[in-house]
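Below: the structure, in C-alpha cells.
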Amino acid sequence: QVQLVESGGGLVQAGGSLRLSCAASGRIFSINAMGWYRQAPGKQRELVATITSGGNTNYVDSVKGRFTISRDNAKNTVFLQMNSLKPEDTAVYYCHALRFVENYWGQGTQVTVSS
C-alpha cells in the first residue's frame, strides 16, 4: 500500500500562485510515476501533470507554461507549482501514484481561484 497526503490548497485571486505538495509513504519503492489530477464540480477528473521516476514530465495543454511538477526523491514528495492561476483552475486536486499496475490516490485538496 502507498499512502499519499496532499497539502497546500487554498483560496487565491486570479493571477496568483499556489504550491501543492504530496508526501508518499508506505511501499514507495517501485513507484513508476506520480502526478496531479483535478476535478471541478460537475466535471470528470482530468490529468493535470505527471512526472516519472526518471524525471520525465507531462502536462495538460491548459496548464503548460503556468504549472510545474517536480519531485524530491529523498523526501518522497511531489510538488505542483501553480502560477498565473485562473478561475477555471478551481477544482479539487488529487495526488496520484502508479506502482506497477496499482493506482493510489490522495484525499484531495481544494484550490479556489477568485476572479
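The values are calculated or read from the model by the stated rules, or taken from the named source; none is laboratory data. Computed from a predicted structure; not experimentally measured. Note: ideal-geometry Cβ built from the backbone for every residue, glycine included; neighbour counts use all protein chains shown. Surface accessibility is based on the protein's heavy atoms, side chains included, excluding ligands, DNA and RNA. Shrake-Rupley method; radii C 1.70, N 1.55, O 1.52, S 1.80 Å.
If packing is taken as the average number of other Cβ atoms within 10 Å across a peptide's residues, how do 20-28, 76-84 rank, most packed first? Before the final figure, lay out each step's value.
Numbers: 20-28: 17.7, 76-84: 19.4.
The peptides rank, most packed first, as 76-84, 20-28.
Kindly state, to the nearest 0.05, the FRET efficiency for LYS64 paired with PHE100, given R0 = 35 Å and r defined as their beta-carbon distance. Numbers along the way, then the final one.
Details: r = 29 Å, r/R0 = 0.82.
Once rounded, the FRET efficiency stands at 0.75.
For SER115 and ALA74, FRET efficiency with R0 = 41 Å and r from the beta-carbon atoms, rounded to 0.05?
Working: r = 39 Å, r/R0 = 0.95.
Once rounded, the FRET efficiency stands at 0.60.
What's the ranking of 105-113, 89-97, 66-74, 33-41 by average number of surrounding C-beta atoms within 10 Å, highest first?
Details: 105-113: 17.1, 89-97: 21.3, 66-74: 15.1, 33-41: 19.0.
Most protected by this proxy first, the peptides run 89-97, 33-41, 105-113, 66-74.
Please tell me the relative contact order of segment 9-58 in percent, rounded to the nearest whole number, where contacts are Cα pairs under 8 Å and at least six residues apart. Can you show the working numbers first?
Working: 42 pairs, mean separation 12.2, N = 50.
Value for segment 9-58: 24 percent.
Leaving out ligands and nucleic acids, and using a 1.4 Å probe, what accessible area per residue does the chain come to in Å²?
Working: 6020 Å² over 115 residues.
Counting only protein heavy atoms, the per-residue value for the chain is 52 Å².
So if we plug the beta-carbon distance of SER30 and GLU88 into 1/(1 + (r/R0)^6) with R0 = 35 Å, what FRET efficiency do we get, rounded to 0.05? Please report the intermediate quantities before stating the final value.
Numbers: r = 35 Å, r/R0 = 1.01.
That pair, SER30 with GLU88, gives E of 0.50.
Relative contact order of the chain: what whole-number percent is it, with Cα pairs under 8 angstrom and at least 6 residues apart?
Numbers: 281 pairs, mean separation 42.0, N = 115.
Relative contact order, the chain: 36 percent.
Please report the carbon-and-sulfur percent of the accessible area for the chain; probe 1.4 Å, protein heavy atoms only, DNA, RNA and ligands left out. Walk me through the intermediate numbers first.
Details: 2940 of 6020 Å².
Carbon and sulfur: 49 percent of the exposed surface of the chain.
Give, rounded to the nearest 20 debye, the magnitude of the charge dipole that segment 35-115 has about its Cα centre when Lys and Arg contribute +1 at Cβ and Asp and Glu contribute -1 at Cβ.
Values: 9 positive and 6 negative charges, 10 e Å.
Using only the charged Cβ atoms, the result is roughly 40 debye.
What is the gain in length, in nm to one decimal, between SER17 and VAL5 on full extension, counting 0.36 nm per residue of separation less the C-alpha to C-alpha distance? If you can, show how the numbers build up before the last one.
Details: separation 12, 0.36 × 12 = 4.32 nm, distance 2.03 nm.
Length gained between SER17 and VAL5: 2.3 nm.
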